[in-house]
1. Taking region 141-157, which residues are small (Gly, Ala, Ser) and without any contact (Cβ under 8 Å) to a residue 24 or more places away in the chain?
2. In region 336-376, how many residues are outside any loop (DSSP other than H, G, I, E, B) and surrounded by 13 or more Cβ atoms within 10 Å (Cβ to Cβ)?
3. For region 116-133, name all the residues that are polar (S, T, N, Q) and either farther than 11 Å from residue 384 by Cβ or not assigned by TED's automatic domain parsing to the domain that holds residue 88 (or both).
4. Kindly indicate the residue of region 129-186 that is among the β-branched types (Val, Ile, Thr) and under 19 Å from residue 286 (Cα atoms) and also surrounded by the most Cβ atoms within 10 Å (Cβ to Cβ) among those meeting that condition.
5. Could you count how many residues in region 205-224 are of a type outside the set (Lys, Arg) and crowded, with 16+ Cβ neighbours inside 10 Å?
6. Which of the residues belonging to region 11-29 are under 22 Å from the mean Cα position of the chain (by Cα) and outside any helix (DSSP H, G or I)?
7. Quick one: would you say residue 75 is assigned to a strand (DSSP E or B), in the same structural domain as residue 100 (by TED's automatic domain parsing), surrounded by 13 or more Cβ atoms within 10 Å (Cβ to Cβ) and in contact (Cβ under 8 Å) with a residue 40 or more places away in the chain?
8. Check region 231-243 and report whether any residue there is assigned by TED's automatic domain parsing to the domain that holds residue 261 and among the polar types (S, T, N, Q).
Amino acid sequence: MRRITAVLIGAGARGRFVYGQYANNHPDQMQIVAVADPDQERRQHAVKEHGIRESYRFDSWEQALFKPKFADVAVISTQDRMHFQPALKALSQGYHVLLEKPMSPYKDEVLQLAEAAKKHDRLLTVCHVLRYTPFWSKVKELLADRAIGDIVSIQLNENVGYFHMAHSFVRGNWRRTDETSPMILQKSCHDMDIIAWLMDQPCLRVSSYGSLLHFRPERAPAGSTERCTGGCPVERECPYSAIKIYSEDETHEWSRFITHDLSPDGINNALHEGPFGRCVYRCDNDVVDHQVVNMEFGNGATASFTMSGFTHDCSRTVQIMGTFGEIRGRMEDEEITLYPFGKQPVSIPVHVHTRGHGGGDELLVQSFLEQVRAGRSADGLTSAQASVQSHLMAFAAEQSRLEGGGSIELSSMIPQMT
């Protein structure tokens, strides 16, 4: 098996804990030979963990990608608005590209990237990791086998989790649309993609409602302070307390994203000095905390999607109603129930061997590397071409939401669509 060499553009959470970790776990498959990140601390972690030579340590993606091609692939895990330029340059330099979702918060850039991958005959794999999970792969298999006949309707819920909502979309990096992407694109393009993949039909029209309902200054409890660490008198009662989420959680599930120093003092300093210690009612966030989307597809089938930041856990639940049966499941339960009409229900276990998006993170990287070794370019489970429709669905949903919930025809978004 040929080991694939990679330049890592963006060494933050996904870059370090997913793609970097894959290289550490499978050194025979993938070697990170270069890193580009403006943050010195993140860069040094990558240098230490992957043994990167001094001449391949870069402050910016430009320094890395304007050099003659020196690796097989570019893994781009920067912030949303920093995806387009490095991805476009990497493709033109001859790299195969593994690109974090969304491709871009701008429709024209999404279309340009899909065209660039085709023009340069390079693989551009978008990190829609759910398609690679054992759970969704089994659902797709059941549909392909016509276990429930024709799909009539899909209902999908993304339960963001109150703590994840507070961390990522109120205090964190994805709290503002003008700095990253709308919530429906940044967080829920996974779900738009899964619906499009399962339905396997062109999406014709979309409508949507949603708002920032709760995480607003006027919702702040009486007497609460600007920061959770400021002696707030209601901190012990608040489920969104930064002290509870970061300082008192010994697993460091979320604190590892706010500081590299996971000692009590390190976490405490991050909360006192950084954005993650702020009161959730007094941040500069503007992305929605709940949204619903309705979709109609070419064969007349429909889908509905609900995203909510007000759930006790992070999970996804699905109900697929067909002409001869029904499928229900909760991704995190690792089990699917098939209800063939007129017969007994069938429980179908799903075997997940690794963590990270239900096993999808590792299987995504594995599939990408296999395609690179095979010399493929245009095809792929989550190629840029495959990803365009779900991005357009998300763009249409946000347009509908902002315009009062009216129906948006996808054919109106790009002239060549029919």
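The values are calculated or read from the model by the stated rules, or taken from the named source; none is laboratory data. Source: prediction; values computed, not measured. Here the Cβ is made from the backbone with ideal geometry for all residues, glycine too, and neighbour counts use every protein chain on show.
1. 144
2. Selection size over region 336-376: 24.
3. 133
4. That would be 184.
5. Total meeting the criteria: 9.
6. 11, 12
7. So residue 75 fits the description; yes.
8. yes
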